[in-house]
Each structure stands twice: as structure tokens, then as C-alpha cells.
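Trainee: Below you will find the structure I want to go over with you.
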Amino acid sequence: MDLHKLQIFVDLSKTLNYTDTANNLFTTQGNISKQILALEKELDVSLFKRAHRKIELTQQAEIVLPYAKEILAKYSEMTIKLADFQDAKNLTIEMHTIPTMPSYVSFNLITKFLQQHPEVHMQLKEEESYNLVNSLKSGVCEIIFARMFDFDDSDLEYIEMEDDDFVAVLPKNHPFANEEILDLKKLKKERFLILGPSTNLYDLVIKLCQMAGFKPDISYQGTRVDLIMQMVQNNMGISLMMKKTAQNFDSKEFSIVPLTTNIANKLCFVRKKGQHSSANNMFWKYVKMHLKDIGG
């Protein structure tokens, strides 16, 4: 059923005048008459009595009228709810991030953005690095914050935020704990405690060790950075960790030592190219404007 016909019927039931209804709905009297006749044919009823240039509702019209009003009211309610939903969606950002994001100053930028734009709601979800790009490209989230090691995809756009490097995390009493910089090959006989394959750091740690000429003896691999740091403190082995993640742990029981050889690592905000919600674009513009506030 054409809702416009119902709208004309409801208005004409109020005015009981074709000219007035035509003026109300910005159309012609002939079109009003045409639409009413079409509605009568569709419902197989007579809606108006026509006599002496006046019209009045028929008994059938009295039955139709409350239903017509309800249909129009429900339609209006639906469009309002849909508009509210779209507005809320446009002001919501679904962002997935590496679990260690709070270790990076980029996290502070998110906080400042939300303080300046309280109308925006951000849904943050931690996800292991290996799955972040898949979640972004499949539409599960709109933006990701991730480590991008020589990764490039023409379907994605990036904002490079800050750098990070691998460091050796050693027990405080380790022979190399006080080195200013360390050649990784000196650790080839150590037991390694590292983040596992579900992160995108595992293969890179293996690669770093291979570049130093050895295969690491891995005695533990997992996803919990805090557990690895505790194991290092307890002299259960050594670890290769991202510098800013390691520095987030305030402890006197281990040492963080830079390496002579490293692998370039950029922390980036990433999104798909194309159209985005207003909130997404607001955040993207804000980040670009405040890049100077980010230390490398």
C-alpha cells in the first residue's frame, strides 16, 4: 500500500475539502481526487460521500481512518528510530588494538580526543596482532592500532604514530645486565621466554636470533607480557620484548638492554580506504592534526 495515499486520506478526512488538502500537501486538487479513487479501488470501499459540493466520511472510512493514522504514526516512529540509530552509529567508533596499546603514547591521544568530543563513543577491544588486519578488512571493526612490520596493503590507509624497537629483558644479576648495547649473539645459550605465534612478534624474535646466527632455545611462549616479565625476574630465562612495552613495567628486578641489530617497527592507526562514519573521520582528522604531540 502506498503510504502517500493514506496521508492524503487522513488529511482529507480533516479538511473535508479537496482544495485545502491539495494546498496542505503541495499538489493539485486533481491529484488528490485521483489518489483517493485509487485508494478506494485498492480497498474496494467508498470513503467519501459527495453531495452538494460537500464531502463527508462514509461508514467504511470511519473504520479505515484509525488504522490509517496508526500506520502513518508507526511509519514515522520507525523512521525516527532508524535515524536515531544511524546517528548513534555515525558517532560510534569500533576500534581493535594490540593488548599492549596502553604502553604507547598514542593511547593518550585517544583519551584527549574523547575528552574534546564527548558526543563520540569509542568501543575499544583488545585483539591479538595476527588477527587485527583480518578484523578490519572483514568489517568487524573500523580502525585498528597495530604494529606494522613492512606490511603494505593498497586497500588500507595508515597514520604512522611512533616507533618501537626490540630490547633484551634480562634478570638484574645477569652478566650482560649493565651493557649499554648488546649483540644478540651473546645470548645464544640462554633460555628464551617470548610471546607466542598468536602475536606478530614471535616470528620476528626468531628472525632476530637467526640474524645473530643461532636458533633460540625457547622454554616458554605465551600471550601474557606480565607473566613473562615475572619469569625473567625469577631468573627463569631472558626475553626479547618491545622496548615501550617493557618500560611499562616498573621493576628493579630486571634490566632492559638495547640491541645492536633490530627490525623496523611502526605503530599505526589503520583503516580501510573509502567512506567512513562521521566519528571515524573526526578521529582520523584529529590524529593527523596532533601527530606532532607524539614522541617517536
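The values are calculated or read from the model by the stated rules, or taken from the named source; none is laboratory data. Fair warning: this is a prediction, and the values are worked out from it, not measured in the lab. Backbone-built Cβ (ideal geometry, glycine too); neighbour counts: all protein chains shown.
Trainee: Only residues that are within 16 Å of ILE63 (Cα to Cα) and surrounded by fewer than 18 Cβ atoms within 10 Å (Cβ to Cβ): list them for the stretch 11-40, please.
Mentor: Scanning the stretch 11-40 gives ASP11, LYS14.
Trainee: So, one more: For residues in the stretch 41-69 being acidic (Asp, Glu) and farther than 16 Å from THR15 by Cβ, which is surrounded by the fewest Cβ atoms within 10 Å (Cβ to Cβ)?
Mentor: ASP44
Trainee: Going by the structure shown, is ALA177 closer than 23 Å to SER103 by Cβ, among the small types (Gly, Ala, Ser) and not assigned by TED's automatic domain parsing to the domain that holds SER277?
Mentor: Considered against the rule, which asks whether it is closer than 23 Å to SER103 by Cβ, among the small types (Gly, Ala, Ser) and not assigned by TED's automatic domain parsing to the domain that holds SER277, ALA177 comes out as yes.
Trainee: Would you confirm whether or not the stretch 208-216 contains a residue that is hydrophobic (A, V, I, L, M, F, W, C), under 30 Å from LEU109 (Cα atoms) and in contact (Cβ under 8 Å) with a residue 12 or more places away in the chain?
Mentor: no
Trainee: Ok, one more. Against the conditions (1) buried (at least 16 other Cβ atoms within 10 Å of the Cβ); (2) touching a Cys at 6+ places or on another chain (Cβ under 7 Å), where does LYS243 fall short? Just the number, please.
Mentor: (2)
Trainee: Name every residue in the stretch 282-296 that is outside any loop (DSSP other than H, G, I, E, B) and either modelled with pLDDT under 90 or in contact with an Asp or Glu (Cβ under 8 Å, 6 or more places away or on another chain) (or both), in order of residue number.
Mentor: Selection gives MET282, MET289, LEU291, LYS292, ASP293.
Okay, residues lined up against (1) outside the structural domain of MET95 (by TED's automatic domain parsing); (2) farther than 27 Å from ASN108 by Cβ; (3) touching a His at 6+ places or on another chain (Cβ under 9 Å):
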position: ASP183; (1), (2), (3): yes, yes, no
position: GLY222; (1), (2), (3): yes, yes, no
position: LEU240; (1), (2), (3): yes, no, no
position: GLY274; (1), (2), (3): no, yes, no
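Trainee: Right, another one. Looking at the stretch 170-194, I want the residues that are surrounded by 12 or more Cβ atoms within 10 Å (Cβ to Cβ) and have a partner that is acidic (Asp, Glu) and assigned to a loop (DSSP other than H, G, I, E, B) with Cβ atoms under 9 Å, at least 6 apart or on another chain. Which pairs are those?
Mentor: Pairs that qualify, where the first residue is surrounded by 12 or more Cβ atoms within 10 Å (Cβ to Cβ) and the partner is acidic (Asp, Glu) and assigned to a loop (DSSP other than H, G, I, E, B), are LEU170/GLU179; LEU170/GLU190; PRO171/GLU253; LYS172/GLU253; HIS174/GLU190; LYS186/GLU179.
Trainee: Return the pair list, or none, for Cβ contacts closer than 9 Å from residues in the stretch 51-62 that are more than 17 Å from LYS41 (Cα to Cα) to residues that are small (Gly, Ala, Ser) and assigned to a helix (DSSP H, G or I), at least 6 apart or on different chains.
Mentor: Within 9 Å, no pair qualifies.
Trainee: Quick check on this structure: which one of ASP152, ASP164 is farther than 18 Å from SER277 by Cβ, loosely packed, with under 14 Cβ neighbours inside 10 Å and of a type in the set (Asp, Glu)? Full working, then the answer.
Mentor: On the way: ASP164 fails: loosely packed, with under 14 Cβ neighbours inside 10 Å.
None of the others qualify; the one that does is ASP152.
Trainee: I've got another one for you. State the number of residues belonging to the stretch 28-56 that are at pLDDT below 90 and in a loop (DSSP other than H, G, I, E, B).
Mentor: Number of matching residues: 2.
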